[in-house]
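Scroll down for the structure; my scribbles are underneath it.
The values are calculated or read from the model by the stated rules, or taken from the named source; none is laboratory data. Not measured: the values here are computed from a predicted model. Here Cβ is always computed from backbone atoms with ideal geometry, including for glycine, and neighbour counts include all displayed protein chains. Surface accessibility is based on the protein's heavy atoms, side chains included, excluding ligands, DNA and RNA. Shrake-Rupley method; radii C 1.70, N 1.55, O 1.52, S 1.80 Å.
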Amino acid sequence: MNKLLIIDGLNLVRRIHAVLPDENDITSVQERVLAASKKMLLQHQPTHCIVVWDGNEPSWRKTLYSDYKKGRKPMPAALSDGLINIKNTLAEHNINSFDAQSEADDVIATIAMKMISNDGEVIIVSTDKGFSQLPTKKLTLWDHFNQQVFDVQQYEKKLGIAQYQMLDFIALAGDSGNKIPGIMGIGPKSAADLLNKFRTLANLYRSLDNLGAKQALKLAEGKEIARISYKLAQLQCDIPLNINLKQFRTNPTTH
């Protein structure tokens, strides 16, 4: 059976870079990214491995909502300039890259779901909790920095919702890390309480008459921003990609 390791390139690189005392020391980033990638190959023994990188084109999410990811610190110039060398170093060790046009997340989700639909197994290496909305069968989310599987069930328990409610939850409560707004005045606890009672966002909006006047008004006035927030959080799993899996086959000697 095919087993694909998908590494969220910038998620890995930026966290490795952030802990270095000298932000211009790209050689150390290069060495650490290679060492981390080799360690993952040994740990997970995939048949295929792909590193997906964010591209420079504006995201469709930014067009939908101009404040999306607003205030994120730009990548330091030295790191931005050094990415090509990092990719080349990985390629020399048969760890090949794919550049997304815009955000890597949608490309990762598309590749993962395609692999799973063909009875393959997928490991996504990222600390991005957005991937927890993907079906968990044959999919593992690996947190390299904590050296553990990201426990989706534990995360659901923490939020007080079920996995199928994840996007509805963000539509209501937002996601501050990505500057996804949600409805003003609806926090995580209120969102979880509403979803536990009404199960889905659609059902909630059909049941506004059953709520107190103040909360019903908040929800009614926030309906459009909830719709936008849902779309911003939702991973696109059907992006047209011209990818041949053969070029990402791993070399057993590097394991």
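Are there any pairs, at least 6 apart or on different chains, whose C-beta atoms fall under 6 Å, with the first in segment 212-225 and in the same structural domain as PRO181 (by the TED database) and the second of a type outside the set (A, V, I, L, M), and if so, which? Within 6 Å, the pairs are LYS218/GLY185; ILE225/PRO181.
The residues listed here are ILE170, ILE183; of these, the one that is touching a helix residue (DSSP H, G or I) at 6+ places or on another chain (Cβ under 6 Å), outside the structural domain of GLU121 (by the TED database), in a loop (DSSP other than H, G, I, E, B) and open to solvent by less than 50 Å² (accessible area, probe 1.4 Å) is ILE183.
Could you check segment 109-118 and list, in sequence order, the residues that are surrounded by fewer than 19 Cβ atoms within 10 Å (Cβ to Cβ) and touching a strand residue (DSSP E or B) at 6+ places or on another chain (Cβ under 7 Å)? ILE116, the sole residue that qualifies. Here ASP99 qualifies as of a type outside the set (A, V, I, L, M, F, W, C), within 18 Å of the chain's Cα centre (by Cα) and closer than 20 Å to HIS17 by Cβ. Of all residue pairs spaced 6 or more apart or on separate chains, none has beta-carbon atoms under 6 Å together with a first member in segment 140-163 that is assigned by the TED database to the domain that holds ALA112 and open to solvent by less than 30 Å² (accessible area, probe 1.4 Å) and a second member that is modelled with pLDDT of 95 or more and part of a loop (DSSP other than H, G, I, E, B).
Yes/no matrix, rows are residues, columns are (1) charged (D, E, K, R); (2) at pLDDT 95 or above; (3) open to solvent by 20 Å² or more (accessible area, probe 1.4 Å); (4) over 18 Å from ASP105 (Cβ atoms):
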{"site": "THR27", "(1), (2), (3), (4)": "no, yes, yes, yes"}
{"site": "ALA36", "(1), (2), (3), (4)": "no, yes, no, yes"}
{"site": "MET40", "(1), (2), (3), (4)": "no, yes, no, yes"}
{"site": "GLN45", "(1), (2), (3), (4)": "no, yes, yes, yes"}
{"site": "VAL52", "(1), (2), (3), (4)": "no, yes, no, no"}
{"site": "LEU64", "(1), (2), (3), (4)": "no, yes, yes, no"}
{"site": "LYS69", "(1), (2), (3), (4)": "yes, no, yes, no"}
{"site": "SER80", "(1), (2), (3), (4)": "no, yes, yes, yes"}
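Here's the yes/no breakdown for (1) farther than 24 Å from LEU42 by Cα; (2) in contact with a Ser or Thr (Cβ under 8 Å, 6 or more places away or on another chain); (3) open to solvent by 30 Å² or more (accessible area, probe 1.4 Å):
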| site | (1), (2), (3) |
| --- | --- |
| LYS87 | no, yes, yes |
| GLU92 | no, no, yes |
| PHE98 | no, no, yes |
| VAL107 | yes, no, no |
| GLY120 | no, no, no |
| ILE123 | no, yes, no |
| THR127 | no, no, yes |
| GLN133 | yes, no, yes |
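Filtering segment 236-249 for residues that are within 24 Å of the chain's Cα centre (by Cα), within 16 Å of LEU172 (Cβ to Cβ) and either outside any loop (DSSP other than H, G, I, E, B) or of a type in the set (S, T, N, Q) (or both) leaves an empty set. Which residue, of GLN215, GLN165, GLN247, is closer than 22 Å to ALA109 by Cα and at pLDDT 95 or above? The conditions single out GLN165.
Answer with yes or no whether LEU172 is in contact (Cβ under 8 Å) with a residue 24 or more places away in the chain and out of contact with any Cys (no Cβ under 7 Å at 6 or more places or on another chain). In short, yes.
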